Structures are given as structure tokens and as C-alpha cells.
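The values are calculated or read from the model by the stated rules, or taken from the named source; none is laboratory data. These figures come from a predicted structure and were not determined experimentally. We place every Cβ from the backbone using ideal geometry, glycine too, and count neighbours over all the protein chains shown. For accessibility, only protein heavy atoms count, side chains too; no ligands or nucleic acids. Shrake-Rupley method; radii C 1.70, N 1.55, O 1.52, S 1.80 Å.
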Amino acid sequence: MSSPAVPRASVELIRTLVGFPTVSRDSNLALIDWVREYLRPWDPDIRLTLDDDRRKANLFATLGPRGVPGIVLSGHTDVVPVEGQDWATDPFMIAEKDGRLYGRGTSDMKSFIACVLAAVPEIMRRGLATPLHLAFSYDEEVGCLGVGRLIADLAAAGIRPQSCIVGEPTLMRPVIGHKGKKGYRCTVRGFAAHSAYAPHGVNAVEFAAEAVAFLRGMARRHRDRGPYDRGFDVAHTTVHTGVIRGGTALNIVPHECSFDFEFRHLPGDDPDALLEEFRRHVAAVLEPEMRAVRPETGFHIAPLSVMPPLTTGPEAEVVALAQELTGCDEIGKVSYGTEGSHFQRAGIPTVVCGPGSIEQAHKPDEWVSLEQIGKCDAFLARLADRVCESG
């Protein structure tokens, strides 16, 4: 049995949203269309921005008065894949057990979107004195690709919200800072040969492995020597290689290998300097050995994604608002990235605050507690007291 303190409207909306399998590689249009229909009775001003293939959309809906600055409640609609994960239940059907809701996206971050939607009927019954903007984006999980178009559209339309709350999972504690991220794909071009004559070829996998080992050394250096910011749960810049592909058969010297790596950097650390250090090592140590065998071999590094750091000042009004709405005076920083930094870069003061824990995100049997849903509902009820005309 679920806690009676948790309105079933939020739980049922979580159930509905999780039922849309909006993995980043797939379309989110069915979910966006459903949200449009859900909001239709309150006559919102809805703006859609589409990706190049018109398979995905951002939704920006304004409720309440037009033409005055409002508060953005922001969430992304996409989720990470479930392939290769051992789930005890269907990841796209909510399983409710022992005070938890299990399903892909429950913590990251459809529960926040569901709570926001569940709050809309009562908020609109009371009437808004300050507009609420609902910003639901695509492709956050693959590099915040959608939110840039949403923000550019707002700028072109002259819409300038007064503040933004991004509902990523923070256990309903206000977060004012997160690291930046720059991701890259490195492609190593070698030269194929029979493995019996390995010295006549250039082994792309082995040179890629040496490059990854160098990145690992950079990661150790930052772990051991800093610089550090103890406000973050991981206090130093991290260097990480997440994907590697290469080789076709054991008896063939591989002609190509690629790997994806990232720098998640403290706001004061320069990721471009880290990339340049890596490039220098490749050019000075690895490529000369490769090109001594075949001159056309070498490395190519291409950008994959950019996420600036979030650095909201503790004195910002939106921080005081989040503290008031949560009843939590503490403010924190996190190592994962959010779309909040993109809103901040557009001149919109932003905090991150939402239900659930990032510790449950991206894992099999992802879950959010009903207690956290109750806290998010209470947060939004207090927000209604601030922005509505009547009690």
C-alpha cells in the first residue's frame, strides 16, 4: 500500500509518463502530444521546437497571464536505454512496492514532470498572478541537445522568464552548482595486416589503448592533486572513457578504433587545457611511432557534447525561493550536469531541485520513493501559494 500522504494523481501520472518509452534514440512525440492534450483545458500558450528530423520536440507551455516574467519548471522527457540491464520488472511499466515506484525515468526525471502536471488543475482553479512556464525537452541524456533550441526560440520570441527550477533528482534539496562537461570521440586510423606480420601494420586498438591509459593518468592526477572544491560530492575534475570500439578478428591487425571520453570539470578548471594536453601527448608520443610505419595513420578528435557548469550565486532570489519551498536552508553542488546551466547562460537565474536520488538513475530497477513524491507535491503546493491569486 502506498502512503496516504501521497496524492494518487501524481502516482498515476508517473505511471502514464513512464509508459512512454522515450529512450533518447527514439521519438518523444507521443509523450509530447499527450501532454498537450492534458493541458488543453487550461488554454496554455504552447510553443514547440523540433529536431531536424521532426521526430522529437521540446514543449514550452505558459499558464496564467501573458507578457510578464514567469517561473520555469523544467524537465527532460528522454531516458537512458535499458538494454543489457537486468530488470526485475518491465522498465516501462510502474511497479509499486514497499513505498517505491520502480521504472525507467522514475528518478531521472519523469516523476518531477508528473508532479508538475498533477499540480496544474488546482493551480489553475486558484488562478495565477505570476505565469508558470512548463519546459519539457528532448535529448538531455545525449548532451542537452534539445534545450538549446527551446531557449533560442524563447529569445527570438522575446520571452524572458524571471527564474527557472530544473527538477533533476536532488532529494528535494536546492542545488546551485554543478560541473561542466565536454565530451569527445577519438578515432584512431591504423593500417591492417595479417596478425602474423603485426609489425607491418599499425594496430589502432593498441594505440587507442595507450591514449586511454594516458587519459586515465590524467584522471589519477586530478584525484590525487586536485584542484578541489569540497562543495561537490566528487571534489575534483574527472576524466572518463565510456565507450570503445575496434577490431574485426583476432588474426587481423585492426585498422580503426574509436573511443568516447569526457572531462567533467569544476567551474574553475579549464577543459580546453585538458584537451590540449591530451592532443600534445598524441602528437608527440603516439603518432610519430604510427607514422614511421604508415604515414597516413593517426588520431582524429571530434566534439560530441558541451555542457557548461552551473554557478548560481547563493544570494540569487531563486535560491531563496527554493529554500522557502523546500523548507531546507542548505544549498549544495553536484557532479552531474543538467540543463540548468543552459538556462543560466541565457540569463535566467536557475536552481536544481527535484524528487529522487541520482544514485538510482541509469541503473536497473530505477526507483523513486513515495516519500519523495510527497515532498515534491508539497513543494509545488507552496509554490502555488506564492504565484496564485487566491488561497
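Listing for the model above:
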read-out	value
Residue 98, sole failed condition from (1) without any contact (Cβ under 8 Å) to a residue 40 or more places away in the chain; (2) open to solvent by less than 50 Å² (accessible area, probe 1.4 Å); (3) of a type in the set (Asp, Glu)	(2)
Every pair of residues 6+ apart whose Cβ atoms lie under 6 Å, when the first sits in the stretch 216-243 and is hydrophobic (A, V, I, L, M, F, W, C) while the second is open to solvent by less than 90 Å² (accessible area, probe 1.4 Å) and assigned to a loop (DSSP other than H, G, I, E, B)	232/335; 234/335; 235/229
Whichever residue in the stretch 322-362 is closer than 21 Å to residue 144 by Cβ and among the charged types (D, E, K, R) and, among such residues, is surrounded by the most Cβ atoms within 10 Å (Cβ to Cβ)	339
Those residues of the stretch 327-339 which are in contact with an Asp or Glu (Cβ under 9 Å, 6 or more places away or on another chain) and within 17 Å of residue 315 (Cα to Cα), in sequence order	332, 333
Per-region count, the stretch 199-226, residues of a type outside the set (D, E, K, R), closer than 17 Å to residue 287 by Cα and over 25 Å from the mean Cα position of the chain (by Cα)	13
Subset tally (residues that are more than 30 Å from residue 192 (Cα to Cα) and free of Cβ contacts under 8 Å to residues at least 12 places away in the same chain) for the stretch 284-337	4
Boolean, residue 342 is of a type outside the set (A, V, I, L, M), modelled with pLDDT of 95 or more and out of contact with any Ser or Thr (no Cβ under 7 Å at 6 or more places or on another chain)	yes
Matching option when the condition is part of a helix (DSSP H, G or I), open to solvent by 20 Å² or more (accessible area, probe 1.4 Å), of a type in the set (D, E, K, R) and touching a helix residue (DSSP H, G or I) at 6+ places or on another chain (Cβ under 6 Å), among 382, 386	382
Test: residue 127 is out of contact with any helix residue (DSSP H, G or I) (no Cβ under 9 Å at 6 or more places or on another chain) and either in contact (Cβ under 8 Å) with a residue 12 or more places away in the chain or closer than 22 Å to residue 28 by Cβ (or both)	yes
Tally, over the stretch 241-264, of residues that are over 30 Å from residue 336 (Cβ atoms), open to solvent by less than 80 Å² (accessible area, probe 1.4 Å) and either assigned to a strand (DSSP E or B) or of a type in the set (D, E, K, R) (or both)	2
Answer from 165, 151 - the residue that is within 29 Å of residue 332 (Cβ to Cβ) and open to solvent by 10 Å² or more (accessible area, probe 1.4 Å)	151
Residue list for the stretch 27-67, restricted to those being more than 30 Å from residue 81 (Cα to Cα) and either in contact with an Asp or Glu (Cβ under 8 Å, 6 or more places away or on another chain) or part of a strand (DSSP E or B) (or both)	45, 62, 63, 66
Flag for residue 307 being farther than 29 Å from residue 159 by Cα and open to solvent by less than 70 Å² (accessible area, probe 1.4 Å)	no
The stretch 15-57, residues that are β-branched (Val, Ile, Thr), in contact (Cβ under 8 Å) with a residue 40 or more places away in the chain and closer than 19 Å to residue 124 by Cα	35
Scope the stretch 220-240; condition surrounded by 18 or more Cβ atoms within 10 Å (Cβ to Cβ) and out of contact with any His (no Cβ under 6 Å at 6 or more places or on another chain); matching residues	232, 239
Residue match in the stretch 231-240 (condition: β-branched (Val, Ile, Thr) and within 19 Å of residue 190 (Cβ to Cβ))	no
Residue list for the stretch 265-284, filter: farther than 24 Å from residue 203 by Cα, part of a helix (DSSP H, G or I) and hydrophobic (A, V, I, L, M, F, W, C)	273, 274
Matching residues in the stretch 273-293 - criterion: being open to solvent by less than 80 Å² (accessible area, probe 1.4 Å) and farther than 14 Å from residue 186 by Cα	273, 274, 277, 284, 285, 288, 290, 293
Failed item, numbered, when residue 247 is tested on (1) touching a strand residue (DSSP E or B) at 6+ places or on another chain (Cβ under 9 Å); (2) at negative phi	(2)
Some residue of the stretch 318-334 being in contact with a helix residue (DSSP H, G or I) (Cβ under 9 Å, 6 or more places away or on another chain), of a type in the set (A, V, I, L, M), more than 30 Å from residue 263 (Cβ to Cβ) and part of a loop (DSSP other than H, G, I, E, B)	no
